[in-house]
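This report refers to the structure that appears directly beneath it.
The values are calculated or read from the model by the stated rules, or taken from the named source; none is laboratory data. Predicted, not measured: the structure shown is a model, and the values here were computed from it. Every residue, glycine as well, gets a Cβ built from its backbone with ideal geometry; the counts of neighbours run over all protein chains shown.
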Amino acid sequence: MPFQRRIRVLQAATLLMIPACVGCPSLDRLPSQAPVQELKSANENQPYLLYVPSTYSDERPMPLVVLCHGTWPYDTAPLQMREWAAFAEARGIIVAAPTLRGVQSDLPPPPDRQIALQREDEAHILDIVSELKRRYRIAEHMVFMTGWSGGAYAVLHTGLKHPEVFRALFVQQGAFDARFMADVSPERLDTWQSIRVEFGQADLIRDQSKACLKWLRDAGLYVEELESPGSHKRVDASVPWKYFAQVAKERLWVRVHARNPDPDDLLAVRYSLDAVPAVVRQKWFFGDGDESTEPSPTHRYARPGTYEVNVNVALANGKKYNRKRKVEVGRPLVE
């Protein structure tokens, strides 16, 4: 091979190797129509990337997907954003990719330290979601979270603890250790939250995905599994989004609200519902023997305590569902 040609081949090979070496490719050539914003969360002051489609308008709410990256340098927030931004532009989705700390799957720290890092990530993620809801018109019933490999730690820790925020979770070939779930209280789990775990047939951490499925099912949650050909490979954005869109289309979303209409009377509680599709009839059971068919009843309890409130709802298509919530009466109720 002539000397000059060898030089050109070496130069080309070097250029190809640079992105793999740095582990954080440039966002300059991102195939999208709007800029990727590099921001810091308001309260936690931690970095995250945000993509808002060029078609965004306050007149129509958009879905929000939080992307949880895996272990550096194999995965980063910029890599997640690179994979999702063009797809989000085409589908009309707001995506946020926080920089996370508790996602080291190859050499994770001891459980106490790992859980502490997961709590930091939890505060960061919730801060981002709250901030975006203030800045943009987010569809409350279409807030989702997904993560690959070590990102599963953040998806499970934060997503399961806050089913009132995240309607559905998608774990992509996720790392799992039951010891890292000690901070997830059974009382916070919601059997109506939709969860899917995807893993490769030849994945090196396939056993961890299987352990994750068992833990979720043993906790009484309904979780779907998706076994794909191949090993520990990245998942195309269309795969989790197809699942999220299916959940939003086919499954009822209900949020039960409870608040004190009078801050000086903590025994009085006003109940209300948010639901998609809309509810046409409801019947409330307040947990003390009293009932109501009003859409938003105010009920006064005789004494403080913990009450399990049930509400039966009916949709226009004739389908009926039940939702329940525990309410601490006698303390200020904060949504």
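Go through (1) surrounded by 20 or more Cβ atoms within 10 Å (Cβ to Cβ); (2) free of Cβ contacts under 8 Å to residues at least 40 places away in the same chain and name the single condition Ile93 misses.
It is condition (2) that Ile93 fails.
Counting only residues that are more than 20 Å from Glu250 (Cβ to Cβ) and within 17 Å of the chain's Cα centre (by Cα), which one in region 186-208 is surrounded by the fewest Cβ atoms within 10 Å (Cβ to Cβ)?
Arg188
Of the residues in region 207-227, how many are aliphatic (A, V, I, L, M) and part of a strand (DSSP E or B)?
Residues meeting the conditions: 2.
Please go through (1) loosely packed, with under 14 Cβ neighbours inside 10 Å; (2) outside the structural domain of Gln193 (by TED's automatic domain parsing); (3) touching a strand residue (DSSP E or B) at 6+ places or on another chain (Cβ under 7 Å); (4) not in a strand (DSSP E or B) for Gly230 and return the number of the only condition it doesn't satisfy.
It fails just one condition, (2).
Among the residues of region 270-287, is any surrounded by 14 or more Cβ atoms within 10 Å (Cβ to Cβ) and on the phi > 0 side of the Ramachandran plot?
Yes, the conditions are met somewhere in region 270-287.
Could you check region 103-121 and list, in sequence order, the residues that are of a type outside the set (A, V, I, L, M, F, W, C) and either outside the structural domain of Asn43 (by TED's automatic domain parsing) or buried (at least 20 other Cβ atoms within 10 Å of the Cβ) (or both)?
Answer for region 103-121, where residues must be of a type outside the set (A, V, I, L, M, F, W, C) and either outside the structural domain of Asn43 (by TED's automatic domain parsing) or buried (at least 20 other Cβ atoms within 10 Å of the Cβ) (or both): Ser105, Gln114, Gln118, Asp121.
Going by what's in this entry, would Ser228 be described as closer than 30 Å to Phe180 by Cβ and in contact (Cβ under 8 Å) with a residue 24 or more places away in the chain?
Criteria met by Ser228.
Against the condition buried (at least 16 other Cβ atoms within 10 Å of the Cβ), of a type in the set (Gly, Ala, Ser), touching an Asp or Glu at 6+ places or on another chain (Cβ under 6 Å) and within 24 Å of Ala248 (Cα to Cα), how does Ala168 come out, does it pass?
no
Every residue in region 299-329 that is more than 14 Å from Val254 (Cα to Cα), crowded, with 16+ Cβ neighbours inside 10 Å and out of contact with any Gly (no Cβ under 7 Å at 6 or more places or on another chain), please.
Hits for region 299-329 are His299, Tyr301, Val327.
Residues Ala97, Ala123, Ala88, Ala116: which one is outside any helix (DSSP H, G or I) and either at pLDDT 95 or above or among the aromatic types (Phe, Trp, Tyr) (or both)?
Ala97
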